[in-house]
Every structure is written in C-alpha cells, then in structure tokens.
Amino acid sequence: MGIIREKVTMAQSVKGMRDLFGAEMRWFRLIEDTARRCFAGHGYEEIRTPILEEIEVFKRSVGESSDIVNKEMYDFTDKGGRHVVMRPENTAGVVRAMIQHKLLASSDPQLVYYIGPMFRYERMQAGRYRQFYQIGVESFGIATPESEVESLVMLFDFLKDLGLSQLSLSINSVGTPASRPAFYEAIRAFFATRQEQFCPDCHRRIAENPLRVLDCKVPACQAALEGHPVIVDYLDEGSRLHHERLKQLLTLLAIPFQENPRLVRGLDYYTRTAFEVLSSDLGAQSALLGGGRYDGLVKQLGGPDTPGFGWAIGLDRLAMLLQQIRGEAPVEGTTVLIPLGERATQEAFSLARTWWSKGLAVRLETRGGALKKALTTAHRQGAKLALILGESELDQGLIAARDLAAGTQETWPLAEVEQFLKNR
Ligand code: HAM
C-alpha cells in the first residue's frame with residue numbers, strides 16, 4: 001500500500017481583492033489623515049454606514065440601466081432571506097442613512113465625508129479592483145453653484161496638500177429630468193442617422209437611457225458620435241444659469257477646467273453638474289475621481305425633497321499616483337529603545353511609557369538576546385536611531401545613542417533624550 005500524501009495548498013486572497021501593507025498602506029494612511037484634517041477644516045463630519053445594504057437602495061438610485069447595478073454588484077440572499085448588496089458606492093447608502101435618522105428634517109445644510117471599501121465585480125486591471133476604497137464627501141440642503149465650488153476648492157486643496165497640483169477638472173451639465181426629453185429627442189434623431197455604426201449595447205442604451213450612449217467605451221461608437229447634439233444646448237433656464245454661474249466662479253477662483261459634453265457619469269442620479277478628474281499617469285483606468293449634483297435622489301429614496309452634491313475619489317488610484325509622482329511614502333523616523341539586563345529593562349519600560357504618553361514614537365525591543373541582533377533588526381526595519389540602555393550607563397544617568405545609518409555612537413544624558421525626540 002502506498003502512502004497517500006495530501007498536498008497542502010496555500011490559501012490565497014479572493015481574485016480582485018488584495019492585502020494592503022507596507023509602502024502602499026503608508027500612502028493610504030497618509031492620504032486618509034490628510035483627508036480627515038482637510039475636511040474637518042471645512043466643517044464636514046465623518047459618517048460610517050454598513051457595507052451591506054438592501055438591493056433596492058442601489059436599484060432606486062444608481063439605476064437599473066447602469067453597469068454597476070446591471071453587471072457589477074456583489075449581491076446575495078442572506079440567511080434571513082433578504083436580498084442584500086455589498087455596496088458598490090456610498091452615495092446611496094449615505095442618503096439612506098440621512099433619511100433613516102431624519103437628519104434632513106430641518107433645512108440646515110449637512111456636510112459629511114466617508115472613507116471605506118466598495119465592491120464591484122469588474123474585470124481586473126492595474127488600478128481596477130473588486131474591493132477598492134473611496135474617500136467621498138456629500139453635502140445636503142444647498143442647491144447653489146457656490147456650494148459646488150466650495151466642495152471643489154476643498155477637493156483641490158486636499159490634492160495640493162498631498163503634492164498633486166497638475167490635475168484638471170472636466171465638467172458638464174446633465175440637466176434635470178424635466179429638461180431631458182428635448183435632448184433625448186435630439187440624440188435619438190442623430191443616432192437614427194448612423195445607427196449601424198453603434199455597438200449593440202448602444203442600441204439598448206438609446207432606448208433605455210440615451211445619455212449612456214455618450215460615454216460608451218467602444219472607439220467606433222465614440223467616432224460615430226462626432227457632431228452629436230450637446231446637452232448644454234437643451235438645458236432648462238434654471239440649469240443653464242446654474243452652469244454659467246459655476247463656470248464663472250471656477251474662473252474667478254482660478255480653478256482650471258474643461259467642458260466635456262460627453263461626460264455623463266455611469267450612475268443615474270445626477271442632475272445639473274457632473275464632473276471628473278482624470279490623470280494620464282493612471283494609464284487605462286484614468287478616472288481618479290468623479291461626482292456631481294443629485295437633487296432628486298433624497299426624494300427618490302423616500303426622504304424630503306433635498307438637494308445634494310458630492311464626489312468620491314478612488315483611494316487605490318490616488319495612492320498609485322502618489323507612488324508614481326512622489327515615490328515611496330515617507331517613513332516616520334522611528335527610534336528603537338534597547339535595554340540590556342533586568343534593571344535596564346524595568347527602567348526602559350518606565351522611560352518608554354513616559355515618551356508614549358507624550359506622543360513620541362519609540363519601539364521598545366522586548367526580545368532580549370544579543371545587542372547585535374537587535375541593532376541589525378532595527379536597521380533593516382528602517383529605524384534611524386537606536387537608544388541602548390546598559391546598566392552601567394543607567395547608574396550614571398546616561399544612554400548610548402547610535403545613528404543606525406552612519407553607524408556612529410555617542411553617549412547622551414538620559415534627561416536630554418526626550419527633548420531630542422520631540423525636536424525630531
Ligand atoms: P464613481 O465614478 O463610480 O462615483 O467612483 C468614484 C471613483 O472610485 C472613481 O473615479 C475611481 O477612482 C474609483 N473606482 C471606481 N471603481 C473602481 C474600481 N473597480 N477599482 C478602483 N477604483 C475604482 C461614485 O462612486 C459616486 N458615488 C461618486 C459621488 C459621490 N457622486 C456624488 N457623490
């Protein structure tokens with residue numbers, strides 16, 4: 001009888017879902033910290049909603065004709081028989097929460113932001129994942145172009161804080177449901193004159209939601225659209241004035257923008273302003289962020305008639321861009337404290353607890369063993385400074401300070417170390 005050996009295979013993460021660690025994680029954290037600081041400064045408060053939502057939340061907002069709802073949702077029936085979705089985006093969930101908690105009952109503006117994972121069953125590419133992260137902001141209760149510009153100023157200040165200033169904004173107006181029939185008629189008439197040049201999906205789109213034809217990704221369709229009717233020529237008066245004022249304010253504030261008459265966004269809830277920021281440094285997945293106004297959405301999901309505006313930035317793509325433009329995320333210059341012997345260990349705990357309570361970053365070596373090994377590890381992990389506490393130094397109120405890059409060592413009075421760490 002032969003011996004049957006079971007082959008143990010290593011578990012792998014699910015396709016399209018990746019682990020974040022090391023340099024990429026450092027960029028994520030730096031971006032998130034910058035976002036929180038910047039948004040709080042503009043009066044936005046954080047909101048966290050669940051990852052699972054009832055499917056209706058997305059069907060009634062993002063729209064049944066959108067790719068997201070049609071093809072890309074992670075949906076399933078839970079053990080209680082509810083049809084739920086792992087959120088593909090978070091505007092709909094935030095609106096659901098604002099209504100549920102009656103936060104829109106008064107006419108006071110509400111400004112919120114969120115950071116978290118989203119899920120779309122998409123074909124994978126660099127910069128396109130099935131679990132990805134967004135940082136988003138939403139404002140409720142203000143219908144003016146001024147509020148849009150305030151949000152865009154915050155967005156560009158946030159990007160500038162991160163060192164990105166070369167990005168440009170594309171804008172369009174998609175009008176209101178009331179102003180769309182006139183445009184639909186014009187685009188359908190245009191389509192009819194060259195329908196054989198469009199893909200089968202566009203034939204479905206022209207019937208269901210003609211705006212979607214404008215951003216079809218098939219190159220032949222884009223070519224066939226040459227000379228198409230432009231939405232801004234069909235706007236109602238209110239939307240036209242809104243769009244003009246937005247452009248005027250952006251110009252006054254020196255925020256560069258281009259008008260893109262084919263920008264319609266892949267989600268159904270937008271009214272009037274729609275916008276995106278692309279970056280050629282992102283390759284095929286060039287959309288870094290997108291957003292716009294959604295004045296009908298709150299009502300559509302069962303809430304009071306409340307205007308809304310917001311945007312979401314792809315955190316994975318932003319981290320990728322920063323890695324390309326700025327290189328590795330900066331590592332904090334950590335310090336390692338290495339005690340040698342029993343008395344030194346007790347003293348090291350006491351010193352480290354004082355420093356930690358003051359917000360100073362120090363890693364305490366707790367493995368015991370040889371000093372050489374502790375120093376090699378510290379150097380390999382990127383620490384800049386090792387503080388070595390031996391018992392004879394301790395008796396004299398001193399500590400050895402070793403510059404790990406230079407390999408040089410000095411002796412410092414223990415009492416001065418804290419100030420040194422603070423100055424770094
Ligand atoms: P969205 O354009 O669908 O808008 O997504 C916003 C951003 O999320 C994209 O520009 C992109 O950077 C990132 N993103 C989308 N899909 C993926 C993916 N599969 N992998 C990596 N990154 C991805 C929204 O989600 C709207 N909720 C934005 C909004 C907020 N509109 C109003 N308020």
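The values are calculated or read from the model by the stated rules, or taken from the named source; none is laboratory data. Predicted model only: the values in this text are computed from it and were never measured. Reconstructed Cβ throughout: ideal geometry from the backbone, glycine too, with neighbour counts over all protein chains shown. To get the accessible areas, we keep the full protein, side chains included, count just its heavy atoms, and leave off ligands, DNA and RNA. Shrake-Rupley method; radii C 1.70, N 1.55, O 1.52, S 1.80 Å.
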Return one number: the angle in degrees, 0 to 90 and rounded to the nearest 10, between the long axis of the Cα atoms of helix 342-357 and the longest principal axis of the Cα atoms of the chain. 30 degrees
Please compute the contact order of the chain in relative form: average sequence separation of alpha-carbon pairs under 8 Å and at least six residues apart, divided by the residue count, as a percent. 15 percent
Among Val218, Val277, Val57, whose mean-square fluctuation peaks in a Gaussian network model of the chain (Cα, cutoff 10 Å)? Val218
Of all the accessible heavy-atom surface of the chain, with the other protein chains kept in place and a 1.4 Å probe, what percent is carbon and sulfur? 53 percent
Starting with the highest mean, order 403-409, 197-203 by the number of other Cβ atoms within 10 Å, averaged over the residues of each peptide. 197-203, 403-409
If you build the convex hull over the alpha carbons only and average its shadow over all orientations, what do you get for region 71-211? Give it in nm² to one decimal. 13.2 nm²
Rounded, prolate or oblate: which fits region 195-270, taking a ≥ b ≥ c as square roots of the Cα gyration tensor eigenvalues, rounded meaning a/c under 1.5, else prolate when a/b beats b/c? prolate
Can you tell me how the chain classifies by the Cα gyration tensor, rounded, prolate or oblate, using a/c under 1.5 as the rounded cut? prolate
So what are the ³J(HN,Hα) numbers for region 37-43, from phi and the Karplus equation (6.51, -1.76, 1.60; θ = phi - 60°), rounded to whole Hz, Gly and Pro as x? 5, 5, 5, 4, x, 9, x
Check: C-alpha center region 167-224 vs C-alpha center region 1-65, spacing in Å is 33 Å
Between Asp233 and Met17, what is the FRET efficiency for a Förster distance of 35 Å, r being their Cβ-Cβ separation, to the nearest 0.05? 0.20
Among the Cys residues of the chain, which have no other cysteine Cβ under 4.7 angstrom away? Cys38, Cys199, Cys202
Calculated from DSSP H runs of 4 or more alone, at -39500 (n - 2.57) each and per residue, what is the 222 nm mean residue ellipticity of the chain, nearest 500? -11000 deg cm²/dmol
Say the dipole of the chain comes from +1 at the beta carbon of Lys and Arg and -1 at that of Asp and Glu; which of Met320, Ile142, Ser165 then lies farthest toward its positive end? Met320
How large are Rg and Dmax for region 202-355 when only the alpha carbon atoms are used, in Å? 25.3, 82
Cα gyration tensor shape of region 295-363, rounded if a/c is under 1.5, else prolate or oblate by comparing a/b with b/c: oblate
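Do you know the relative contact order of region 346-422, to the nearest whole percent, from alpha carbon pairs under 8 angstrom that are 6+ apart?
The value is 21 percent.
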For the chain, give the magnitude of the charge dipole about the Cα centre (Cβ charges: +1 Lys/Arg, -1 Asp/Glu; no others), in debye to the nearest 20. 1060 debye
Kindly provide log₁₀ I(q)/I(0) values, in the same order as q = 0.24 Å⁻¹, from the Debye equation applied to equal alpha-carbon scatterers of region 1-97. -1.18
Over the chain, average the accessible area per residue using a 1.4 Å probe and give it in Å², no decimals. 51 Å²
